[in-house]
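K.L.:
This structure is in structure tokens; I'll ask about it shortly.
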Amino acid sequence: MQRIGFVIQEGFQMIGLAAQAAFEYSNRVAGKGVYEVRMLSENGGPVRSSLGIVVQTERLSGRAFDTLIIIGSEDASPKPTPGLLNFIRRGLKQSRRVTSICTGAFILAEAGLLNGRRATTHWYYARELQARFPEVKVEEDRIFIVDGPIWTSAGATAGLDLALALVEKDLGAEAARSVAKKLVMHHRRAGGQSQHSELLALSPKSDRIQNALSYAEKNLGSSLSVDKLAEVASLSPRQFSRAFQAETGQSPAKAVEKLRLEAARLMIEQSHHPIDVVARETGFVDRRRMREAFLRNFGQPPQAIRRSARTEASV
């Protein structure tokens, strides 16, 4: 049985503990106890979260853990104690994997575990992580990153993606899919996927514009002209264009391109579909137009992004 240690300190965020569910359901899927989950803190006993909820923990000891998961705090300000840092440093030698969720990356960095390594954290704190720890290769727009035995993830729900990736590494893709289904997760996001959602970033205020955007997201392979989107929004094309610009700060054509880019990048990173198929499925018509859009927005062609994703997966 693999022992998983969740390490917390005062002010930790409760949402980081949601990752425990992935290991709980893995035991159910496997029909046996594959994982044993423990809550750990430096002194043991009750530890208060940023929400005020108290969690009981075991004291840090020399007991070996297969995987350590360091949970972040509400922000990056709490300083880890020397005892906690020493425990984490020992963990790198004793454990198969040492991981962090959200601002837990700051604790790994403080312990020196991220020096010279690629890492990520919540996008809001990524630049602070880079400024405070210049030897860390921070990639601020990633769901999670695996660099040898060190795994780091972005904030909030990204911890579940990281936990599912751990399960997939241990038990295989089919088991991870079964766990994701039980958790009612649409899919496990790949580590290289962006932390940002274009649909969320657009955040229209009215139902009409929201309905048009939802339609566009579900029909990216269609032409998605202003006339069609205006029809979905029950507005004239002129009214729709003005309302769309006012609510989202950009034109319908630009917003549709961003939605297509987001979907295309996800397909490039997570599938084996030929580039021509990806271009067609996401509405770019041909690979040349998609390549031009990728270069404008990502600074790389689709093939380079696919190579990078496959290299990361193999690592």
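K.L.:
Within segment 276-315, can you find the residues that are assigned to a helix (DSSP H, G or I) and over 24 Å from E139 (Cβ atoms)? Step through it out loud before you land on a result.
P.N.:
If we filter segment 276-315 for residues that are assigned to a helix (DSSP H, G or I), which is where we start, we get 276-281, 287-298, 302-314.
Matches in segment 276-315: D276, V277, A279, R280, E281, R287, R288, R289, E292.
Yes/no per residue for (1) free of Cβ contacts under 8 Å to residues at least 60 places away in the same chain; (2) of a type in the set (D, E, K, R); (3) closer than 19 Å to T103 by Cα; (4) in a helix (DSSP H, G or I):
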position: Y124; (1), (2), (3), (4): yes, no, yes, yes
position: E128; (1), (2), (3), (4): yes, yes, yes, yes
position: A131; (1), (2), (3), (4): yes, no, yes, yes
position: R142; (1), (2), (3), (4): yes, yes, yes, no
position: I145; (1), (2), (3), (4): no, no, yes, no
position: A156; (1), (2), (3), (4): no, no, yes, no
position: A163; (1), (2), (3), (4): no, no, yes, yes
position: A175; (1), (2), (3), (4): no, no, no, yes
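K.L.:
Against the definition (closer than 24 Å to T120 by Cβ, in contact with a Phe, Trp or Tyr (Cβ under 7 Å, 6 or more places away or on another chain) and not aromatic (F, W, Y)), how does L92 come out, yes or no? Explain how you work it out, then say what you get.
P.N.:
Numbers: closer than 24 Å to T120 by Cβ: yes; in contact with a Phe, Trp or Tyr (Cβ under 7 Å, 6 or more places away or on another chain): no; not aromatic (F, W, Y): yes.
Here the answer is no, as L92 does not meet what is asked.
K.L.:
For I70, are the conditions met, namely being modelled with pLDDT of 95 or more and touching a Gly at 6+ places or on another chain (Cβ under 6 Å)? It would help to see each step written out before you state the result.
P.N.:
Working: modelled with pLDDT of 95 or more: yes; touching a Gly at 6+ places or on another chain (Cβ under 6 Å): yes.
Taking the combined requirement at face value, the residue satisfies it.
K.L.:
Hey, any hits in segment 96-113 for a residue that's out of contact with any Gly (no Cβ under 6 Å at 6 or more places or on another chain), under 24 Å from P134 (Cα atoms), polar (S, T, N, Q) and surrounded by fewer than 15 Cβ atoms within 10 Å (Cβ to Cβ)? So that I can check it myself, show each step before the final result.
P.N.:
In the first step, residues of segment 96-113 are kept if they are out of contact with any Gly (no Cβ under 6 Å at 6 or more places or on another chain); the result is 96-97, 99-100, 105-113.
Those left that are additionally under 24 Å from P134 (Cα atoms): 97, 99-100, 105-113.
From the residues that got through so far, the ones that are polar (S, T, N, Q) too are 99-100.
Applying the additional criterion that residues be surrounded by fewer than 15 Cβ atoms within 10 Å (Cβ to Cβ) yields none.
No, because not a single residue in segment 96-113 is out of contact with any Gly (no Cβ under 6 Å at 6 or more places or on another chain), under 24 Å from P134 (Cα atoms), polar (S, T, N, Q) and surrounded by fewer than 15 Cβ atoms within 10 Å (Cβ to Cβ).
K.L.:
A further question on this structure: Which one is surrounded by the most Cβ atoms within 10 Å (Cβ to Cβ) among residues in segment 8-42 that are in contact with a helix residue (DSSP H, G or I) (Cβ under 7 Å, 6 or more places away or on another chain) and in a loop (DSSP other than H, G, I, E, B)?
P.N.:
Only one residue tops the list, namely Q9.
The values are calculated or read from the model by the stated rules, or taken from the named source; none is laboratory data. Fair warning: this is a prediction, and the values are worked out from it, not measured in the lab. Glycine gets a Cβ as well: all are built from the backbone with ideal geometry, and neighbour counts include every protein chain shown.
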